[in-house]
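Before any comments, here is the structure.
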Amino acid sequence: MTDDTASAPIARLSHVNLAIRDEQASRDFYVGLLGLEEVWRMPQPQPGLWLQIGDRQIHLLKPVDDAELPPQRVLDKTPMAPHVAFSVENVSDVAARLQAAGVNIVFSEFMDGQAFFTDPSGNILEIIEDL
């Protein structure tokens, strides 16, 4: 193994894809509540939407096979499971906005400035203050 980064096959992260149950519920949550920007999506047979966050994207698509959907869950402690993390200036402010909308928030028992919640499809999301 060499340290030749010029020949590294992976340059950067392009996007993350999450499986969703309902396109409109996801749009209401990610665009309406979290404030992410919906962008043009290439035509595809399955329902979904693409979101811009900084210079990267999150793709939300309803899978052809429902077995690919995440389990519906209610978090009661810091999850040790796959998740997507969003940097925020103030976790308490964002968490309060989410809680006011009825979203269950779990504050990390390991560090301040970190909290977890799920989207309407059951995907685990994290908000964390930039250090």
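Throughout, read-outs are computed from the coordinates displayed, never taken from laboratory work. Computed from a predicted structure; not experimentally measured. When we count neighbours, we look across all protein chains shown, and the Cβ atoms used for this are built from the backbone with ideal geometry, even at glycine.
Below is a table of values for the structure above.
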{"item": "Part-to-part distance (alpha-carbon centres) for segment 100-131 and segment 1-71, which is given in Å", "result": "19 Å"}
{"item": "Convex hull volume per residue for the chain, taking Cα atoms only, in Å³", "result": "166 Å³"}
{"item": "Relative contact order of segment 14-129, pairs being alpha-carbon contacts under 8 Å that are 6 or more residues apart, as %", "result": "27 percent"}
{"item": "In segment 57-119, the GluC sites (Glu not before Pro) that fall in loop regions by DSSP, at most 12 other Cβ within 10 Å", "result": "Glu89, Glu109"}
{"item": "Relative contact order of segment 70-119, pairs being alpha-carbon contacts under 8 Å that are 6 or more residues apart, as %", "result": "44 percent"}
{"item": "Within the chain, longest stretch clear of exposed trypsin sites (Lys or Arg not before Pro) (DSSP loop, no more than 10 other Cβ within 10 Å)", "result": "13-76"}
{"item": "Calculated [θ] (222 nm, deg cm²/dmol) that DSSP helices of n ≥ 4 give over the chain, each run adding -39,500 (n - 2.57)", "result": "-3000 deg cm²/dmol"}
